[in-house]
Amino acid sequence: MVAVEIFSIENEVFRLYLLYSSVVLFKMIFLSFYTFHVRTKHGAFISEEDYCKDFPRDEMKALMKNEDVERVRRCHRNDLENILPFLVFGLLYSATNPSVFAATITFRTFTIARFLHSFAYLLPLPRPWRGVAFAAGFLVILYMGVQILFTVL
Amino acid sequence: MVAVEIFSIENEVFRLYLLYSSVVLFKMIFLSFYTFHVRTKHGAFISEEDYCKDFPRDEMKALMKNEDVERVRRCHRNDLENILPFLVFGLLYSATNPSVFAATITFRTFTIARFLHSFAYLLPLPRPWRGVAFAAGFLVILYMGVQILFTVL
Amino acid sequence: MVAVEIFSIENEVFRLYLLYSSVVLFKMIFLSFYTFHVRTKHGAFISEEDYCKDFPRDEMKALMKNEDVERVRRCHRNDLENILPFLVFGLLYSATNPSVFAATITFRTFTIARFLHSFAYLLPLPRPWRGVAFAAGFLVILYMGVQILFTVL
């Protein structure tokens, strides 16, 4: 009977997982739009066919990478590298029967950490904000991974 | 009893999810092979140890990035950025008890959109094809995310 | 009643999935730290604000990409491209009711292949080690994908 409750909307921990993983994914995919916005602002596209009458190709700009665009892309990539493990570990962690309190703290810490990480990357904030935010999210992933291994072994 | 049916092969919506997520993942991992194919065709490897007798290192080619290779890699990266949210939201969306009709339209639209996106990127097709395909896939992700939040909240 | 047992810790195949996917994710996220380590070693950061008193900006180094750093990043990216499909297909493959023996071989082959791939990339090992490791992991993904499609269709 255990599994019935684990991945059910009646299960409070699974609902928390649904909520926080949705929020963090929304944040991540927002960066797709933001990349497009920054590219348009600077007229810095990478694919030849993206230039048009309104955005004519400027040889200088096209050859150089635009640092603002690259910054958003690094932020996005860092999200991919960290949010993927969170989503998978979070789902599996929900199956290890944690308390609602522990799950709330865990998911919320990760979510806040990743929002802080994005702000620190994009504004940018000075050291050590981005590093602290990264570390906080990373520790949540490690914590969930260890919980899963303890449950399995 | 709800959860029993949700992630079961007897559940039509979950079977649709299995089908479309497999198809879209097959498409994505095909790009790994395609990158290798284009690298080999142009003799444009990035890692030193990939050059060998049959593919000798050409200083000019090795220093310059090959635009055809970079195009496939951008296409692949865009897949990662979009297919990951689809896979996670799609799984969770399947748990929100959508109708078979709605789930079919949703999953199929995303799948067609991502195939179109890849074709538009690799051929390449002129504006606005790639943008339209991206937007269609993106809207499906947003739609599923909103459905999940409505169910949770 | 099938689904009850599938995603339950009592189900041996699901426990194997939990174990191997955790191990392979731990390996992947380790590369985040390793990138940071290599960047620090070479003083090669990409974001302006990462330079500080202890790591002053060196114009030459900042302009050139550091090959050691880029190598770790390529390795990390290849992990993302392959471990994401494994995690999703692995979860769905667990739902196709494979034997414990088949699941063990499948998950273990992938895990060994990805560890070998990382070693081959980072040491680096000469041809054809990285290619062999990549191919082995790739075949596992394809095998699981085909099993899922057979079950659904």
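The numbers here are math on the coordinates, done by the rules we state, and not lab data. Small disclaimer: the values here were computed from a predicted structure and weren't measured. Backbone-built Cβ (ideal geometry, glycine too); neighbour counts: all protein chains shown.
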*How far is A:Cys52 from the same spot in each other copy, in nm, shortest first, if each label point sits 7 Å from Cα toward Cβ?*
4.5, 4.5
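Name the shape class, rounded, prolate or oblate, that the alpha-carbon gyration tensor gives for the stretch A:19-153, where a ≥ b ≥ c are the square roots of its eigenvalues, rounded holds for a/c under 1.5, and otherwise prolate holds if a/b is larger than b/c and oblate otherwise.
Prolate, since a/c reaches 1.5 and a/b exceeds b/c.
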*Cα gyration tensor shape for the protein assembly as shown, rounded if a/c is under 1.5, else prolate or oblate*: rounded
*Provide an ascending nm list, one decimal, of label-point separations from B:Leu153 to the equivalent residue in each further copy; define each label point as 7 Å from Cα along Cα→Cβ.*
4.1, 4.1
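What is the packing order of peptides A:94-106, B:140-152, taking the mean over residues of other C-beta atoms within 10 Å and listing the highest first?
B:140-152, A:94-106
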*Theoretical gain in end-to-end length, B:Tyr34 to B:Phe119 [0.36 nm per residue, Cα-Cα removed]*: 29.3 nm
*Between B:Asp68 and A:Leu149, what FRET efficiency follows from the Cβ-Cβ distance if R0 is 56 Å, with the result rounded to 0.05?*
0.85
*Averaged over peptide C:143-153, how many Cβ atoms belonging to another chain are found within 10 Å of each residue's Cβ?*
4
*Please give the calculated 222 nm ellipticity per residue for chain A, where each DSSP H segment of at least 4 residues contributes -39500 (n - 2.57) and the sum is spread over every residue; nearest 500 deg cm²/dmol?*
-26000 deg cm²/dmol
*With respect to the cross-link table entries A:Lys41/A:Lys65; A:Lys65/B:Lys27; C:Lys41/C:Lys65, which display a Cα-Cα separation exceeding 25 Å?*
A:Lys65/B:Lys27
*log10 I(q)/I(0), Debye, Cα-only the stretch B:107-153, no solvent, q = 0.15, 0.16, 0.27 Å⁻¹?*
-0.42, -0.46, -0.87
_Spin-label pair A:Tyr51/B:Leu142, simplified geometry with 7 Å Cα→Cβ offset, distance in nm_ = 3.0
*Mind listing the label-point distances from A:Phe26 to the same position on all other copies, shortest first, one decimal in nm, points 7 Å along Cα→Cβ?*
3.5, 3.5
